[in-house]
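The structure under discussion is supplied below as structure tokens; questions concerning it will follow.
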Amino acid sequence: MNPMAQKKFTGTGVAIVTPFRNDGSIDFKAMGKLLEHLVKNGVDYVVPLGTTGESVTLSKDEKKAVVNFVTDTINCRIPVMVGIGGNNTQEVVDAVSQFDFNNIDGLLSVSPYYNKPSQQGIYAHFKAIAEISPVPVFMYNVPGRTGSNITAETTVKLAKEVKNIAGIKEASGNMSQIMHILRDKPKDFMVISGDDLFTLPMLAMGASGVISVVANACPKQFSDMVNFGLQGSFSKAAAIHFKLLGLMVALFEEGSPSGVKYALESIKIAQHIVRMPLVPVSDGLKKRIEGLMKNL
């Protein structure tokens, strides 16, 4: 296992949005603004090219440009974990082997979607990626998006048997499964919340932190909540959690990252522009998000 990974990726990670301009191109100026907003407000690391970054709608060249911009702007001030995943194992392995991991500290890879592999298939997929990756690999389990679940047994087996797998971003929403992983995993294997709403209860059971969507918009509050949780100050953490609750629910109501992009527009960081098949949020939800952001 990797004690360095544990040091780098404990706390609040942010799955950063990819801001766009009116013409649909990437807005690097807004991205710079967002990154400074996150670093200044105490987040522990950033994750470009995740679901929140609309990575499936970015071309190869755009992905490269995003990663280069993020690493240049962050300039080693905080760690960077990059998203590289897919449902064609060979293609993911090739992408990882050709990727420039300069100033990249970790790799987040989503469980294969659409093909619905067996647990043996999921195991083989992550083993192949971990063997080729020069940085620690974090699995991403999000059955609501992939149509398949990495079971607790498979997670623990990979954690114990594959040296370069450092953790899992768990977004199954299945608390029983998450508890089984936390109980049975090796000591230094990291369980990271992939669901803003479940972050605090997961911290109470021994999770290492979160890779958050909501923290794009309110990094200080979210980081404070996570830090209190990691210190065991759960009443202080709960007070912030309840303050954020309405926003956490609202931002996912009409799909992500449409919600959080509107929250970012309301604080003048990035425009509320998404690439199809996503669409902007409705006027009614805009008003609610604006009110919730003002209350914070």
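Looking only at segment 93-117, filter to residues that are surrounded by 22 or more Cβ atoms within 10 Å (Cβ to Cβ) and aliphatic (A, V, I, L, M); which one of those is nearest to PRO143 (Cα to Cα)?
VAL110
Still on this structure, please answer the following. In segment 196-224, which residues are open to solvent by 20 Å² or more (accessible area, probe 1.4 Å) and of a type in the set (D, E, K, R)?
Of everything in segment 196-224, those that are open to solvent by 20 Å² or more (accessible area, probe 1.4 Å) and of a type in the set (D, E, K, R) turn out to be LYS220, ASP224.
When the residues of segment 252-275 are narrowed to those that are of a type in the set (A, V, I, L, M, F, W, C) and in contact with a Leu (Cβ under 9 Å, 6 or more places away or on another chain), which ends up most open to solvent (accessible area, probe 1.4 Å)?
Of all residues in segment 252-275, those of a type in the set (A, V, I, L, M, F, W, C) come to 252, 260, 263-264, 267, 269-270, 273-274.
Pick out the ones that are also in contact with a Leu (Cβ under 9 Å, 6 or more places away or on another chain) and you get 252, 260, 263-264, 269-270.
Values: PHE252: 87, VAL260: 1, ALA263: 0, LEU264: 0, ILE269: 20, ALA270: 10 Å².
Here the residue is PHE252.
Which residues, counting only those in segment 17-42, are over 15 Å from ASN75 (Cα atoms) and either open to solvent by 50 Å² or more (accessible area, probe 1.4 Å) or among the aliphatic types (A, V, I, L, M) (or both)? Write out each step before concluding.
Taking segment 17-42 first, the residues over 15 Å from ASN75 (Cα atoms) are 17-30, 41-42.
VAL17, ARG21, ASN22, ASP23, ILE26, PHE28, LYS29, ALA30 - these are the residues of segment 17-42 that are over 15 Å from ASN75 (Cα atoms) and either open to solvent by 50 Å² or more (accessible area, probe 1.4 Å) or among the aliphatic types (A, V, I, L, M) (or both).
Could you please find all residues in segment 54-84 being touching a residue at least 24 places away in the same chain (Cβ under 8 Å) and assigned to a helix (DSSP H, G or I)?
SER55, THR57, GLU62, ALA65, VAL66, VAL67, PHE69, VAL70, THR71, THR73, ILE74, listed by residue number.
Additional query: Restricting to segment 165-187, give me the number of residues that are of a type outside the set (D, E, K, R), open to solvent by less than 10 Å² (accessible area, probe 1.4 Å) and either in contact (Cβ under 8 Å) with a residue 40 or more places away in the chain or under 16 Å from LEU197 (Cα atoms) (or both). Before you say what the answer is, go through the steps one by one.
Initially, segment 165-187 is screened for residues of a type outside the set (D, E, K, R), giving 165-168, 171-182, 186.
Those still in the list that are open to solvent by less than 10 Å² (accessible area, probe 1.4 Å) too: 165-168, 178, 181.
Now restrict to residues that are either in contact (Cβ under 8 Å) with a residue 40 or more places away in the chain or under 16 Å from LEU197 (Cα atoms) (or both): 166-167, 178.
Going through segment 165-187 one residue at a time, the tally reaches 3.
In this structure, is VAL43 hydrophobic (A, V, I, L, M, F, W, C) and either touching a Leu at 6+ places or on another chain (Cβ under 8 Å) or without any contact (Cβ under 8 Å) to a residue 40 or more places away in the chain (or both)? Explain how you work it out, then say what you get.
Details: hydrophobic (A, V, I, L, M, F, W, C): yes; either touching a Leu at 6+ places or on another chain (Cβ under 8 Å) or without any contact (Cβ under 8 Å) to a residue 40 or more places away in the chain (or both): no.
No, not satisfied.
One line per residue, one yes/no per condition, for (1) in a loop (DSSP other than H, G, I, E, B); (2) touching a strand residue (DSSP E or B) at 6+ places or on another chain (Cβ under 7 Å):
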{"residue": "ASP100", "(1), (2)": "yes, no"}
{"residue": "LEU107", "(1), (2)": "no, yes"}
{"residue": "LYS127", "(1), (2)": "no, no"}
{"residue": "ARG145", "(1), (2)": "no, no"}
{"residue": "GLN177", "(1), (2)": "no, no"}
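Applying the selection to segment 121-132, what residues are farther than 14 Å from THR155 by Cβ and open to solvent by 10 Å² or more (accessible area, probe 1.4 Å)?
First, pick out the residues of segment 121-132 that are farther than 14 Å from THR155 by Cβ: 121, 124, 128-129, 131-132.
Once the filter is applied, which keeps residues that are farther than 14 Å from THR155 by Cβ and open to solvent by 10 Å² or more (accessible area, probe 1.4 Å), segment 121-132 yields GLY121, ALA124, ALA128, GLU131, ILE132.
Considering ASN68, ASN88, which residue is within 28 Å of GLY259 (Cα to Cα) and of a type outside the set (Val, Ile, Thr)? Steps first, answer last, please.
Working: ASN88 fails: within 28 Å of GLY259 (Cα to Cα).
Answer to the check: ASN68.
Filter segment 179-197 for residues that are aliphatic (A, V, I, L, M) and in a strand (DSSP E or B); which is nearest to the chain's Cα centre (by Cα)? I'd like the intermediate steps shown before the answer.
Going residue by residue through segment 179-197, those that are aliphatic (A, V, I, L, M) are 179, 181-182, 190-192, 197.
Still in the running and in a strand (DSSP E or B): 190-192.
Details: MET190: 14, VAL191: 12, ILE192: 9 Å.
Filtering first and then ranking leaves ILE192.
Hey, can you tell me all the residues within segment 1-16 that are among the aliphatic types (A, V, I, L, M) and either surrounded by fewer than 17 Cβ atoms within 10 Å (Cβ to Cβ) or touching a His at 6+ places or on another chain (Cβ under 8 Å) (or both)?
Let us first name the residues in segment 1-16 that are among the aliphatic types (A, V, I, L, M), namely 1, 4-5, 14-16.
Residue satisfying the conditions is MET4 alone.
Does LEU296 meet the test of being out of contact with any Ser or Thr (no Cβ under 9 Å at 6 or more places or on another chain) and open to solvent by 40 Å² or more (accessible area, probe 1.4 Å)? Write out each step before concluding.
Working: out of contact with any Ser or Thr (no Cβ under 9 Å at 6 or more places or on another chain): yes; open to solvent by 40 Å² or more (accessible area, probe 1.4 Å): yes.
It is true that LEU296 is out of contact with any Ser or Thr (no Cβ under 9 Å at 6 or more places or on another chain) and open to solvent by 40 Å² or more (accessible area, probe 1.4 Å).
As an exercise: evaluate LYS157 against (1) part of a loop (DSSP other than H, G, I, E, B); (2) open to solvent by 20 Å² or more (accessible area, probe 1.4 Å) and give the number of the one condition it does not meet.
If we test LYS157 against (1) part of a loop (DSSP other than H, G, I, E, B); (2) open to solvent by 20 Å² or more (accessible area, probe 1.4 Å), just (1) comes out false.
Just to be sure, is LEU285 over 23 Å from VAL46 (Cα atoms), more than 21 Å from the chain's Cα centre (by Cα) and buried (at least 20 other Cβ atoms within 10 Å of the Cβ)? So that I can check it myself, show each step before the final result.
Values: over 23 Å from VAL46 (Cα atoms): yes; more than 21 Å from the chain's Cα centre (by Cα): yes; buried (at least 20 other Cβ atoms within 10 Å of the Cβ): no.
For LEU285, the condition - over 23 Å from VAL46 (Cα atoms), more than 21 Å from the chain's Cα centre (by Cα) and buried (at least 20 other Cβ atoms within 10 Å of the Cβ) - is not met.
What do you reckon, is ILE74 of a type in the set (Val, Ile, Thr) and more than 19 Å from LEU107 (Cβ to Cβ)?
Numbers: of a type in the set (Val, Ile, Thr): yes; more than 19 Å from LEU107 (Cβ to Cβ): no.
Considered against the rule, which asks whether it is of a type in the set (Val, Ile, Thr) and more than 19 Å from LEU107 (Cβ to Cβ), ILE74 comes out as no.
The values are calculated or read from the model by the stated rules, or taken from the named source; none is laboratory data. Not measured: the values here are computed from a predicted model. Please note: Cβ atoms are built from the backbone with ideal geometry, for glycine as well, and neighbour counts cover all protein chains shown. Protein only, heavy atoms only, side chains kept; ligands, DNA and RNA dropped before computing areas. Shrake-Rupley method; radii C 1.70, N 1.55, O 1.52, S 1.80 Å.
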